[in-house]
Amino acid sequence: MSLAELRDLTVGFPGRPILRGIDLRVEAGEVVGLVGESGSGKSTAAMSIAGALPASAAVSGQITVDGRDVLGMSPAELRELRTRKVGVVQQEPRAAFNPVRPVGHFLTEQLRTNLGWPQQDADDRVVGLMRECGLREPQAMLARYPHEFSGGMLQRLVIAAALAPEPELLIADEATSALDVTTQAEIIGILSRARADRGLGILFITHDLPLAAAFCDRVVVLRSGEVVEEQGARELFAAPKSAYAAELLAAVPVLDEDGVDA
Ligand SMILES: Nc1ncnc2c1ncn2[C@@H]1O[C@H](COP(=O)(O)OP(=O)(O)OP(=O)(O)O)[C@@H](O)[C@H]1O
């Protein structure tokens with residue numbers, strides 16, 4: 001049984017099909033890349049797994065997490081899914097925070113509100129995770145406000161918050177796209193450790209094909225709502241089977257020795 005699986009999933013918004021019969025699975029401890037042009041339906045596929053499609057979406061097919069049918073879940077079961085099973089990290093970390101609340105409020109929110117943890121226990125858990133995410137003096141940080149942090153620091157905080165309830169799957173939706181390359185590499189390091197230490201499955205959505213090749217075990221290529229290719233990451237990069245993946249790879253700039261587009 002896969003950790004998360006989409007089977008023949010079709011999603012449409014009024015008047016437009018977005019996903020057309022896609023199959024996708026993520027196993028425990030596996031990093032699956034989901035790549036494709038803007039608008040190809042990557043985030044829609046991810047939100048299906050998190051049980052977070054908008055009410056206006058028409059959905060057919062099957063969505064399961066740990067073998068449980070997500071489409072049939074009650075609001076309480078969906079809340080539990082998003083707390084205990086699936087964490088989500090998106091591109092713009094600042095949007096996750098309330099600007100007038102200290103960051104500790106956001107970091108401990110799931111533990112306090114959904115799992116009923118006492119404040120001190122929640123603080124202790126997130127402080128440990130913040131340290132793992134490369135943040136120094138985490139205890140003092142809890143009282144600081146979002147505007148006091150850079151985007152890279154905020155993204156580490158978002159990852160610590162997402163890992164706090166120990167989800168089995170993390171959806172990283174362009175989670176490193178807005179960051180400089182050094183911070184990006186550090187965030188990938190944090191995700192790799194979480195996968196190795198906790199057996200976390202990761203659905204890694206990105207426009208960045210070389211990054212997907214380096215980080216993912218398997219890559220699924222989406223075009224206009226359809227899966228056009230699925231391969232081991234290295235194999236895809238070395239020898240794409242579909243003309244579309246070959247086109248995407250050909251569009252990746254190759255730098256010559258002077259760092260100029262060749
Ligand atoms: N709530 C919604 N109502 C109507 N259309 C939507 C809704 N959410 C997404 N769409 C449309 O669905 C299509 C796919 O969007 P989606 O965000 O899944 O693509 P994506 O591949 O993740 O794109 P990007 O890389 O730009 O984030 C887009 O054309 C988008 O405008």
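The values are calculated or read from the model by the stated rules, or taken from the named source; none is laboratory data. Quantities reported herein were computed from a predicted structural model and do not represent experimental measurements. Cβ sites come from the backbone with ideal geometry, for glycine too, and all protein chains shown count toward neighbours. The area values use the complete protein model at the heavy-atom level, side chains included, leaving out ligands, DNA and RNA. Shrake-Rupley method; radii C 1.70, N 1.55, O 1.52, S 1.80 Å.
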Using per-residue counts of other Cβ atoms within 10 Å, averaged over each peptide, order 144-151, 113-120 from highest down.
144-151, 113-120
Using only alpha carbon pairs under 8 Å that are at least six residues apart, calculate the relative contact order of the chain and give it in whole percent.
26
With an 8 Å Cα cut-off and a minimum separation of 6 or more residues, compute the relative contact order for region 2-84 in percent.
37
Can you compute the FRET efficiency between ASP197 and ASP23 using 1/(1 + (r/R0)^6), with r the Cβ-Cβ distance and R0 = 35 Å? Round to the nearest 0.05.
0.75
Tell me the carbon and sulfur percent of the accessible area for region 4-250, rounded to whole percent, probe radius 1.4 Å.
49
The simple spin-label model distance between ALA143 and SER38, using points 7 Å out along Cα→Cβ, in nm, is 4.2
Once HIS105, HIS207 are ranked on solvent-accessible area with the largest value leading and a 1.4 Å probe, the list reads HIS207, HIS105
For the full complex of protein chains and a 1.4 angstrom probe, list ASP208, ASP123 by accessible area with the highest value first.
ASP208, ASP123
Let me cross-check MET153: its accessible surface, 1.4 Å probe, with only protein heavy atoms counted, in Å² to the nearest 10?
60
If you take the square roots of the eigenvalues of the alpha-carbon gyration tensor of the chain and sort them as a ≥ b ≥ c, do you get rounded (a/c under 1.5), prolate (a/b over b/c) or oblate?
oblate
What relative contact order, as a whole-number percentage, does region 1-148 give when Cα pairs under 8 Å and 6 or more residues apart are counted?
21
Go through THR183, THR10 and list them by solvent-accessible area, largest first, probe radius 1.4 Å.
THR10, THR183
If ligands, DNA and RNA are left out, what is the accessible area of PHE97 with a 1.4 Å probe, given in Å² to the nearest 10?
20
Label-point separation, SER74 to GLU226 (7 Å along Cα→Cβ), nm
4.1
Rounded Å value of the spacing that divides the Cα centres of region 79-125 and region 151-228
18
Rounded to 5, percent antiparallel among DSSP beta bridges of the chain:
55
